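Asker: Pasting a structure below so you can have a look.
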């Protein structure tokens with residue numbers, strides 16, 4: 001049965017942890033952004049990530065990666081994540097609706113898909129294209145003021 005296979009798969013539980021963590025992160029981002037500026041939120045966010053980095057480094061017994069290309073991608077990822085986080089906190093700070101901001105910014109996979117199709121030459125099925133259409137429609141619907 002496919003559901004049993006999914007429930008046994010490690011990727012499913014990692015994904016579930018990711019969704020739960022990011023959901024709580026978005027809520028804490030809104031609460032914090034109500035109290036302090038976006039640049040301060042981003043700065044302090046780094047201190048929250050630091051213990052995770054230390055644990056990961058300890059688990060690897062201090063060994064670091066040696067692949068320059070992978071390191072460059074990781075650093076670029078961090079820079080873009082920092083810029084995105086700053087914009088996310090600023091959106092909350094600007095007084096926007098938490099549900100709308102979170103839903104709108106959660107559509108970032110559409111950019112990933114577009115880049116994967118154009119740069120990596122990946123192909124989409126018609127069901128996946130329909131999913132992108134629904135996501136675009138959701139973005140528009142969420143953006144309409146009540």
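Asker: Before we move on, is residue 86 within 21 Å of residue 42 (Cβ to Cβ), in a helix (DSSP H, G or I), without any contact (Cβ under 8 Å) to a residue 60 or more places away in the chain and within 21 Å of the chain's Cα centre (by Cα)? Break it down stepwise before answering.
Answerer: Details: within 21 Å of residue 42 (Cβ to Cβ): yes; in a helix (DSSP H, G or I): yes; without any contact (Cβ under 8 Å) to a residue 60 or more places away in the chain: yes; within 21 Å of the chain's Cα centre (by Cα): yes.
So residue 86 fits the description; yes.
Asker: So which of 17, 28, 57 ends up being part of a helix (DSSP H, G or I) and over 26 Å from residue 102 (Cα atoms)? Let's see the steps before the verdict.
Answerer: Working: 17 fails: over 26 Å from residue 102 (Cα atoms); 28 fails: over 26 Å from residue 102 (Cα atoms).
Exactly one residue qualifies, and that residue is 57.
Asker: Now a separate question. Looking only at segment 55-62, decide whether some residue is surrounded by 11 or more Cβ atoms within 10 Å (Cβ to Cβ) and under 19 Å from residue 19 (Cα atoms). Steps first, answer last, please.
Answerer: Of the residues in segment 55-62, the ones surrounded by 11 or more Cβ atoms within 10 Å (Cβ to Cβ) are 57.
If we keep only those that are under 19 Å from residue 19 (Cα atoms) as well, we get none.
Within segment 55-62, none of the residues are surrounded by 11 or more Cβ atoms within 10 Å (Cβ to Cβ) and under 19 Å from residue 19 (Cα atoms).
Asker: If residue 142 meets every condition in (1) outside any loop (DSSP other than H, G, I, E, B); (2) assigned by TED's automatic domain parsing to the domain that holds residue 22 apart from one, which number is that one?
Answerer: (2)
Asker: Something else about it: Just one of (1) surrounded by 13 or more Cβ atoms within 10 Å (Cβ to Cβ); (2) in the same structural domain as residue 31 (by TED's automatic domain parsing); (3) not in a helix (DSSP H, G or I) trips up residue 66, so point out which.
Answerer: (1)
Asker: Residue 78 - would you say it is under 18 Å from the mean Cα position of the chain (by Cα), free of Cβ contacts under 8 Å to residues at least 60 places away in the same chain and within 19 Å of residue 102 (Cβ to Cβ)?
Answerer: No; evaluated as a whole, the condition is false for this residue.
The values are calculated or read from the model by the stated rules, or taken from the named source; none is laboratory data. In this text, all values refer to a predicted model and were calculated from it rather than measured experimentally. A quick note on method: Cβ atoms are made from the backbone with ideal geometry, for glycine too, and the neighbour counts reach across all protein chains shown.
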